[in-house]
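One structure below.
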Amino acid sequence: MNLQGKHAVVTGGARGIGKAVCLALAAAGADVVVNFSGSEQAANEVAEACRALGVRAVALRADVSNADEAQGLIDAAVKEFGSVDILVNNAGITRDGLLMRMSEDDFDAVLNTNLKGAFHCMKAACRPMMKQRSGRIINISSVVGVRGNAGQANYAASKAGLIGMSKSVAKELAGRGVTVNCIAPGFIETAMTDVLPDAVKEKILTEIPMAKLGQAEDVANAAVYFASNEAGYVTGQVLCVDGGMAM
Ligand code: NDP
């Protein structure tokens, strides 16, 4: 897949899946804005690694749960590169707990980052994309948004919400050459899953037909596909990258 001349914004691009997406897009030739909220040094290192692949790359701070900061991120990307062709809404957090013990703050924090963050960034990016009559929006959902998961009512709501929101926006933007798709990763080895107790990891493994956790690069490869010209007739889809877990 050749993404030369394309300009990408990846939210939460400093580490984990976002970092792998930045590097994969850069390897395919795209210029990359590496967004971060707290991990400045790591984001600068990812931008440096992208530049080493021969593309332009910058690290930009923005808390995507804040509408003004999300708008500022997209504006800064357009200023830097001239356009935004690819938006990957990857930023996400967890605040796990059983429903009966889940605080409203924990519910709101997860929805504000995972769902509203993608809303803010899509809203900011759709105008320039519609104007140029092309664009690729890729939202990182989760297998948990498809199947649910005990202890993650807030996270599952945010990730299921992303799927419904993506399909709706896909219908709104289809006529303007802008595609909107979701990737629903299963359990991928990152900081987010490192914190799970071994017993939980072992139980998860029993639910994965391929009997192994995925790698961030598995998700990044799917993102490159959705970003490519080759995926131009694909919109409103949810691709599970999960070793067969959601079957
Ligand atoms: P990590 O915890 O490793 O990384 C999360 C990223 O999100 C960080 O780069 C962080 O940036 C960023 N982030 C968090 N809050 C904000 C915010 N308000 N504004 C901007 N960036 C923010 O997670 P993963 O790499 O594992 O997950 C990436 C995405 O994939 C998430 O949406 C997650 O829900 C999803 N996912 C992950 C799975 C997994 O098994 N790992 C499975 C299914 C989905 P910073 O460090 O700068 O704060």
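The values are calculated or read from the model by the stated rules, or taken from the named source; none is laboratory data. Everything numeric here is computed off the predicted structure, so don't read it as measured data. Neighbour counts are summed over all protein chains in view; Cβ atoms, including those assigned to glycine, are modelled from backbone coordinates with ideal geometry. When the accessible area is computed, the model is the full protein with side chains, heavy atoms only, and any ligands, DNA or RNA have been set aside. Shrake-Rupley method; radii C 1.70, N 1.55, O 1.52, S 1.80 Å.
Here are the numbers for this structure:
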item	result
Anchor Lys201: aspartates and glutamates whose Cα lies under 12 Å away (excluding residues fewer than 8 positions away in-chain)	Glu189
Rounded to 10°, Cα long-axis angle of helix 153-173 versus longest principal axis of the chain	30 degrees
Heavy-atom accessible surface of segment 48-155: percent carbon and sulfur, 1.4 Å	49 percent
With Cα atoms, 0 to 90° folded angle of helix 40-52 axis to the chain main axis	50 degrees
Segment Met247-Ser103, length gained on full extension (0.36 nm per residue, minus Cα span)	48.7 nm
Cα gyration tensor category, rounded, prolate or oblate, for segment 90-247 with a/c compared to 1.5	oblate
13 Å Cα-Cα reach of Lys6 towards aspartates and glutamates, excluding residues that sit fewer than 8 places from it in its own chain	Asp31, Glu80, Asp85
Relative contact order of the chain, pairs being alpha-carbon contacts under 8 Å that are 6 or more residues apart, as %	20 percent
Stretchable slack from Asn149 to Lys212, in nm (0.36 nm times residue separation minus alpha-carbon distance)	20.8 nm
For segment 55-195: lysine pairs under 15 Å (alpha-carbon distance), excluding those fewer than 8 apart on one chain	5
Within the accessible area of segment 198-247 (1.4 Å probe), percent carbon and sulfur	57 percent
Cα lying deepest toward the dipole's positive end in the chain, options Leu173, Ala125, Ala223, charges on Cβ	Leu173
Over 15 Å [Cα-Cα, segment 60-108], rounded percent	59 percent
Extension gain (nm, one decimal) between Ser134 and Arg61, 0.36 nm per residue minus Cα-Cα	23.7 nm
Accessible area (Å², per residue) of the chain, counting only protein heavy atoms and a probe of 1.4 Å	47 Å²
